[in-house]
Amino acid sequence: MNREDIYAALFERLKAAYQWQTASRVLTHWSDVSPAQQPALFMTQVGERAVVETRQPTRWFLEVKIYLYANAKSQGNDVPATVLNAMLDAVTTAMKPNHAAVETQTLGGLVAYARIEGDLTTDEGLLGEQAVAIVPIMILTAD
């Protein structure tokens, strides 16, 4: 297992999913990302957990969170949720398997699976023009 190869492959897949103005693996708070720098994607490595089974190599769960920022007015929209929904749809599509014969997203064979798993946190801009979503992604290594 090469962690960096896995994280880099996931980031490149997500980066290609939408026309981001900003995409980074270094998290920046939304208040520090100008409307002109949005829509924005940030990816963070949250944690790891070893999975040990008798007479099997250790496998790892790698937890990732992606942060999506959208400023509705900068996108020419009065409804922040509309902009955020399009971004969430693009990320969901990016995490689907490469083709129908494969039932899971394997990041090009690097992992057993990579998928959106858990609760998504969203703020559709109720207090202003800024919309934010946090999406959990779980990865299980192949070995």
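Please treat every number below as a calculation from the coordinates, not as lab data. Keep in mind that this is a model prediction, so the values were computed, not measured. Neighbour counts run over all protein chains shown; Cβ positions are idealised from the backbone, glycine included.
Based on the Cβ-Cβ distance from GLU48 to THR22, what FRET efficiency comes out when R0 is 25 Å, to the nearest 0.05? Please report the intermediate quantities before stating the final value.
Details: r = 26 Å, r/R0 = 1.06.
Step by step, r from the Cβ atoms, then E = 0.40.
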I'm spelling it out carefully: the read-out is Cα extents along the principal axes in Å, the candidates are (i) 46, 31, 29; (ii) 49, 36, 20; (iii) 56, 30, 23, and one was derived from this structure. Which label?
(iii)
GluC sites (Glu not before Pro), restricted to the stretch 6-100: which are DSSP loop and have at most 12 other Cβ atoms within 10 Å?
GLU53
Between helix 3-15 and the chain, what is the angle of the helix's C-alpha long axis to the longest principal axis, kept within 0 to 90° and rounded to the nearest 10?
40
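Treat the count of other C-beta atoms within 10 Å as a stand-in for reagent exposure and order ILE134, ILE6 from fewest to most.
Ascending Cβ contact count within 10 Å gives the list ILE134, ILE6.
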Stretched out fully, how many nm does the piece from ALA112 to GLN56 gain, at 0.36 nm a residue minus the Cα gap?
18.7 nm
Cβ density ranking, 10 Å radius, fewest first, applied to ASP143, ASP5 yields ASP143, ASP5
Degrees between helix 80-94 axis and first principal axis of the chain (Cα, 0 to 90, nearest 10):
20
